[in-house]
Amino acid sequence: MGILEKISEIEKEIARTQKNKATEYHLGLLKAKLAKYRAQLLEPSKSASSKGEGFDVMKSGDARVALIGFPSVGKSTFLSLMTSTASEAASYEFTTLTCIPGVIEYKGANIQLLDLPGIIEGAAQGKGRGRQVIAVARTADVVIMMLDATKGEVQRSLLEKELESVGIRLNKHKPNIYFKPKKGGGISFNSTVTLTQCSEKLVQLILHEYKIFNAEVLFREDCSPDEFIDVIVGNRVYMPCLYVYNKIDQISMEEVDRLARKPNSVVISCGMKLNLDYLLELLWEYLALTCIYTKKRGQRPDFTDAIILRKGASVEHVCHRIHRSLASQFKAPAPSTARSAWA
Ligand SMILES: Nc1nc2c(ncn2[C@@H]2O[C@H](COP(=O)(O)OP(=O)(O)OP(=O)(O)O)[C@@H](O)[C@H]2O)c(=O)[nH]1
Ligand SMILES: [K+]
Ligand SMILES: [Mg+2]
């Protein structure tokens, strides 16, 4: 049996297994198995020919945003509207075949926006250019999931499933679980909160599935078995995602209102240039960039020229941006308390 078949067998079994106290261990084990097979599926294939051409776009600017969506939802139209780059847009599917970068200039920052080919169901398993597109998405700071407002719901859940299956976690934080494999001593299990979804026995079962017999595990949060598996597997990407419903010129006012109220969602129309300013404002929030203004002694700061840094940047980072040798000229290293000054 191939990996794909094994995956689909397990998925079917999970679907037909009723969720209750009696099946919780069985389900936990199935999920651990599923995660293992998916990881195997994602191991880089040996043949170089499977690499997409034109996908290795250099990172540039202060942040990177990737446009993910089904074909013909308006990704290229959006790129052409927001940046000075023109990306071909047309009414047929798969107009865009490579990664096309543009730059959004906003509040003094250069935000790299990547237009990508449309992806479809099965993308994670290599359908279309799915794998390459998803590989680019992993490198982004924020993903814009562009959806056709007339079929947004279906598209959204399909794409979420695709990204989920390759270890991309949207709008979630890293589970607060301390996990450390050891050389010996068995499994030590502790928690600082009451657990309602995992137990010591289930944790052990899952660890054994990964052939881990010695480890320290500390739950600092009431996490699910899936979240625990994420911690064991490790290479997960926790990514902010904005759901952008485009083409609202095609739906009723009531429907626009309903979509706009969903969490992490914005409604726009590229065709009628509706609500694009608000989308930018929100994108800026999601990027969580920090602007630092410098000033000369006795003068007012120049608010037109900012040093743009990532969230959590330190004083040392700022020094580096001003001049490479600045930090090393200080008598003492920046105190660690200063690190959190604008985190
Ligand atoms: N009605 C309407 N049509 C739009 C809107 N935005 C884009 N379109 C149209 O949708 C079609 C597809 O647009 P594209 O920008 O090529 O879509 P895409 O997502 O880049 O498509 P692929 O590259 O094929 O994946 C074009 O005919 C656009 O003119 C909108 O807001 N309203
Ligand atoms: K298109
Ligand atoms: Mg396109």
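May I ask you to list the trypsin sites (Lys or Arg not before Pro) in region 78-172 that are in a DSSP loop and have at most 16 other Cβ atoms within 10 Å of their Cβ?
K107, K127, K151, K172
Using the Cβ-Cβ distance between F213 and E11 with R0 set to 30 Å, the FRET efficiency works out to roughly 0.60.
The simple spin-label model puts a point 7 Å past each Cα toward its Cβ; for E160 and L274 those points are separated by 2.4 nm.
Using C-alpha pairs below 8 Å separated by at least 6 residues, the relative contact order for the chain is 14 percent.
State which stretch of the chain is the longest one without any exposed chymotrypsin sites (Phe, Trp or Tyr not before Pro), exposure meaning a DSSP loop state and at most 16 other Cβ atoms within 10 Å.
Segment 95-209 is the longest.
Modelled label positions at S224 and D257, each set 7 Å beyond Cα in the direction of Cβ, lie 3.2 nm from each other.
Taken one residue at a time, the phi angles of region 62-70 give Karplus couplings (6.51, -1.76, 1.60, θ = phi - 60°) of 8, 6, 10, 10, 9, 9, 10, x, 5 Hz. Gly and Pro are set to x.
For the pairs K6/K31; K75/K174; K180/K201; K127/K262, flag any whose C-alpha to C-alpha distance is greater than 22 Å.
Beyond 22 Å between Cα atoms: K75/K174; K127/K262.
For region 224-234, backbone phi angles converted through the Karplus equation (6.51, -1.76, 1.60; θ = phi - 60°) give residue-by-residue couplings of 8, x, 4, 5, 5, 4, 4, 5, 5, 5, x Hz, Gly and Pro being listed as x.
Work out the length of the dipole vector of region 189-343 about its Cα centre, built from +1 on the beta-carbon of each Lys and Arg and -1 on the beta-carbon of each Asp and Glu, and round it to the nearest 20 debye. It would help to have the intermediate numbers written out before the result.
Numbers: 19 positive and 18 negative charges, 219 e Å.
Result for region 189-343 is approximately 1060 debye, rounded to the nearest 20.
How large is the helix-only mean residue ellipticity at 222 nm for the chain, computed as the sum of -39500 (n - 2.57) over DSSP H runs with n ≥ 4, divided by its residue count, in deg cm²/dmol to the nearest 500?
It lands at -10000 deg cm²/dmol.
As a rough footprinting exposure proxy, the listed residues M239, M272 were ranked by other beta carbons within 10 Å of their own, and the order from fewest upward is M272, M239. Once you order the gyration tensor axes a ≥ b ≥ c over the Cα atoms, which shape class does the chain get: rounded for a/c under 1.5, otherwise prolate or oblate by comparing a/b with b/c? Since a/c reaches 1.5 but b/c is at least a/b, the shape of the chain is classed as oblate. When you filter the trypsin sites (Lys or Arg not before Pro) in region 258-316 for DSSP loop state and at most 10 other Cβ atoms inside 10 Å of their Cβ, you are left with R261, K273, K295, K296, R297. Close amide-amide hydrogen proximity is noted between D115 and I100, G102, each under 5 Å apart and 5 or more residues distant or on a separate chain (H modeled in the peptide plane; Pro and chain starts excluded).
When only DSSP loop residues count, what trypsin sites (Lys or Arg not before Pro) in region 182-216 have their Cβ near at most 15 other Cβ atoms within 10 Å?
Numbers: sites: K182, K183, K201, K211; in loops: K182, K183, K211.
Passing both the DSSP loop test and the Cβ count: K182, K183, K211.
Shown in residue order for region 5-16 are the 3J(HN,Hα) couplings computed by the Karplus curve 6.51 cos²θ - 1.76 cosθ + 1.60 at θ = phi - 60°: 5, 4, 4, 5, 4, 5, 4, 5, 5, 4, 5, 8 Hz (x for Gly and Pro).
Every number here is computed from the coordinates shown, using simple stated rules; none is lab data. In this text, all values refer to a predicted model and were calculated from it rather than measured experimentally. Cβ sites come from the backbone with ideal geometry, for glycine too, and all protein chains shown count toward neighbours.
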